[in-house]
Amino acid sequence: MTSVLYDAPGPKAVFRSRLFSVVAGLIIAAGLVWLILALGAPKTSANGAVQPGLWDASRWDVFADREVWRTLGRGALNTLRMAGVAAAFALVLGVLFSFGRVSDTKWIRIPTTVVLEFVRGMPVLLMMLFILLVFSTGSFWAGVAALSVYNGAIIGEALRAGIKSLPRGQREAGLAIGLTPVATRFRIEFPQAFRQMLPIIIAQLVVLLKDTSLAFVVGYEELLRSGTSMTNFFGSRYSFSFFLVVFAIYLTMNLLLSWLARIIARRTGSKSGGVTTETTAPPEKPLDPEVTYPAALGNQMGARGI
Amino acid sequence: MDAVIENLPLFLEGFRNTLGLLLLAGTGALLLGIIVAAMRISPVASLRGFATVYTEIVRNTPLTLVLFFCAYILPYLQFSPGYFVLATIGLTVYTSPFVAEALRSGVNGVHVGQAEAARSVGLTFTQTLSFVVMPQAVRMVIPPLINVFIALTKNTSVAGAFFVFELFGAARKVTNDRGDEVLAILLAVAAFYLLVTISLGLIAGRVEKKVAVLR
């Protein structure tokens, strides 16, 4: 795209842009080095006591203790457990929601739409508190229920958009060969919609993993909570160190899952091309669902990804 | 029900703070997002790389972690301008990559043929951008951008967990005092949130319909 916008640069322009790039890179690197050094510098607090810098060994010696790592590992496992259970429920709920939304019966379609609007407009955190207080479940099930309802609603919308974007002939053909409407939906339309929307669904599951950290607020013993409880145990001297380690673990988990999602999206993206009408996109453009499907997804897309 | 009516001033104060967070963090995220998006599509490789890394890192960090950093670690590092400001900073940083991605996908969503046509009738780089690409991109960007702000509205609730008194904080306080009417209180708070999110959603839908005609 950018290459279309201007003439191919000559040798002078290439040199200039390369120079600029190097200078900007040096500025960024200098800023990062300054930040690291500033964090590492010893600080004098108001009462005159000198605190060691943040990279000082005295702030990191707890990590020699294996029990610390075991606690963090338990926290990470709890996070993954919540994400796994919630993801399974969210997928099931998403399928149910999508069928409800495209149902031919008014009595199913309208209540489902209202429930979906309600759920998608509400913060997950409020839902967690709600479930925790009203149904007095433990914090684990409150988190799982809120996450699966919220993400189920978004997956349901994505699937609905997938079903809607199929050519009408698919449904007509299914009915014409004598399948019942339900069987048509299940065996003809749904598999295609699911495959088409798989990138979006997986992206939503990454969001779900991220959102499990909200269960921190309702007191679930997940990764962030295990970090803070150890800060309380060992003293605030270690608060930055624990934060940084928890941050790194989260980042690793999420980046791995995002990377996996991208691989799956690429593989299914090329396969589903044959069954849909949306092969008109120019091949040089990457198949970005946010660009390719916005018309079908409508404003439903928004809640996803954040 | 009377628990809701009794505490209505509290809820309204919370709602005001939620709106304040939404406006301040929204504006901040928009500015930061424009900068990041500009860096990401710029021809300068090092800026592009920096913006990509920034986007990836922030997008893969849970909001709770970002706000936790703002609420606990920044004061510990002797930077404490108050929790409201800290929460605004956290929400701004967290939302900015999503804004940047929305902007970028809008610009990428303009068909290449448009730029090619503009170039082939002899428009310069600036003319192509300002008369052909940008007018279309802006229109396409508005619905996803509104969606980012809807998500931001919901995300302000997380700030309530970190000492900012907004709607979620109000809900927590009131449900602590009046454990007998939890359901009514939470439904009332949900109604406030829905007021913002659904009306923003309706605007997004409207704009989307207008844009759909163009394509």
Just to confirm the number: angle between the C-alpha axis of helix B:167-177 and the first principal axis of chain B, 0 to 90 degrees, nearest 10?
10 degrees
From the Cα centre of segment A:21-96 to that of segment A:146-223, the distance in Å is 34 Å
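Only helical DSSP H runs with n ≥ 4 go in: add -39500 (n - 2.57) per run for chain A, normalise by residue count and round the 222 nm mean residue ellipticity to 500 deg cm²/dmol.
Values: 13 runs with 211 residues, N = 306.
Calculated at 222 nm, the ellipticity per residue is -23000 deg cm²/dmol.
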Contact order normalised by residue count of chain B, Cα under 8 Å, 6+ apart, percent:
30 percent
Which of A:38, A:261, A:146 fluctuates most in a GNM of chain A (C-alpha springs under 10 Å)? That residue is A:38
Counting Lys and Arg as +1 and Asp and Glu as -1 over every other residue whose Cβ sits under 13 Å from the Cβ of residue A:260, the net charge comes to +3
Nearest 0.05, what FRET efficiency do residue A:34 and residue A:255 give at R0 = 30 Å with Cβ-Cβ as r?
0.70
Just tell me how shielded A:226-239 is by partners: mean number of partner chain Cβ atoms within 10 Å of each residue's Cβ, no decimals.
1
Given B:33, B:81, B:45, which one lies farthest toward the positive end of the charge dipole of segment B:1-104, if we put +1 on the Cβ of every Lys and Arg and -1 on the Cβ of every Asp and Glu?
B:45
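Charges at C-beta only: +1 for Lys and Arg, -1 for Asp and Glu. How large is the resulting dipole of segment B:134-196 about its Cα centre, in Debye rounded to 20? Mind dumping the intermediate values first?
On the way: 5 positive and 4 negative charges, 50 e Å.
Using Cβ point charges on Lys, Arg, Asp and Glu, segment B:134-196 gives about 240 debye.
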Can you tell me the 0 to 90 degree angle between the C-alpha axis of helix A:66-101 and the longest principal axis of chain A, rounded to 10?
20 degrees
Run the dipole for the protein assembly as shown about the Cα centre, Lys and Arg Cβ at +1, Asp and Glu Cβ at -1, nothing else charged, and hand back the magnitude in debye, nearest 20.
1320 debye
Non-local residues with an amide H under 5 Å from the amide H of residue A:51, with H modelled 1.01 Å from N and Pro and chain starts lacking one, are A:43, A:44, A:45
Looking at A:34, A:79, A:14, which one has the Cα that reaches farthest to the positive end of the dipole of segment A:1-95 (charges on Cβ: Lys, Arg +1; Asp, Glu -1)?
A:14
Who wins for biggest fluctuation among A:136, A:213, A:239 in a Gaussian network model of chain A, springs between alpha carbons below 10 Å?
A:136
Using Cα atoms only, what is the angle between the long axis of helix A:223-234 and the major principal axis of chain A, expressed in degrees (0 to 90) to the nearest 10?
20 degrees
Can you work out the base-10 log of I(q)/I(0) for chain A at q = 0.11 1/Å, using the Debye formula on its C-alpha atoms alone?
-0.88
Sort B:91, B:103 by Cβ crowding within 10 Å, fewest neighbours at the top.
B:103, B:91
Quick check: net charge around residue A:227, other residues with Cβ under 15 Å of its Cβ, Lys/Arg +1 and Asp/Glu -1?
+1
Using a 10 Å cut-off around each Cβ, can you sort A:202, A:263 from fewest to most neighbouring Cβ atoms?
A:263, A:202
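Direction-averaged shadow area of the convex hull around the Cα atoms of segment B:2-214, nm²? Working shown, then result.
Details: hull surface 57.5 nm².
Answer in nm², one decimal: 14.4.
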If every Lys and Arg gets +1 and every Asp and Glu gets -1 at its Cβ, then about the Cα centre chain A yields a dipole, in debye to the nearest 20, of 460 debye
Per-residue mean of other chain beta-carbon atoms within 10 angstrom of the beta-carbon, peptide A:243-250?
3
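How charged is the neighbourhood of residue B:173? Take every other residue with its Cβ under 13 Å from the Cβ of residue B:173, and add Lys/Arg as +1 and Asp/Glu as -1. Spell out each step's value before the answer.
Values: positive: B:172, B:178; negative: B:6, B:13, B:166, B:177.
Once positives and negatives cancel, what remains is -2.
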Mean per-residue count of partner chain Cβ within 10 Å for B:53-64 equals 6
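So how do A:234, A:190 line up by other beta-carbon neighbours within 10 Å, fewest first?
Working: A:234 16, A:190 19.
Exposure proxy ranking, most exposed first: A:234, A:190.
Based solely on its DSSP helices, what 222 nm [θ] is calculated for chain B when runs of n ≥ 4 H residues each add -39,500 (n - 2.57) and the sum is averaged over all residues, nearest 500 deg cm²/dmol? It would help to have the intermediate numbers written out before the result.
Working: 9 runs with 167 residues, N = 215.
Calculated at 222 nm, the ellipticity per residue is -26500 deg cm²/dmol.
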Residue-ordered couplings for segment A:150-163, obtained by feeding phi - 60° into the Karplus form 6.51 cos²θ - 1.76 cosθ + 1.60 and rounding to whole Hz (Gly and Pro as x), are 5, 6, x, 4, 6, 5, x, 4, 5, 5, 4, 4, x, 5
Zone residues, segment A:207-241, relative to residue B:76, backbone N less than 11 Å from point 7 Å out along Cα-to-Cβ
A:227-241
Between the residues B:152, B:183, B:124, the Cα farthest towards the positive end of the dipole of chain B, that dipole coming from +1 and -1 charges on the beta-carbon of Lys, Arg, Asp and Glu, is from B:124
When only alpha-carbon atoms are used, what values of Rg and Dmax, in angstrom, describe the protein assembly as shown?
24.7, 85
Have a look at A:180, A:231, A:79 and tell me which one the Gaussian network model of chain A (Cα, springs below 10 Å) gives the largest fluctuation.
A:180
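Bear in mind that the values in this text are calculations on the coordinates, not laboratory data. All figures in this text were calculated on a predicted structure; none of them were measured in a lab. Note: ideal-geometry Cβ built from the backbone for every residue, glycine included; neighbour counts use all protein chains shown.
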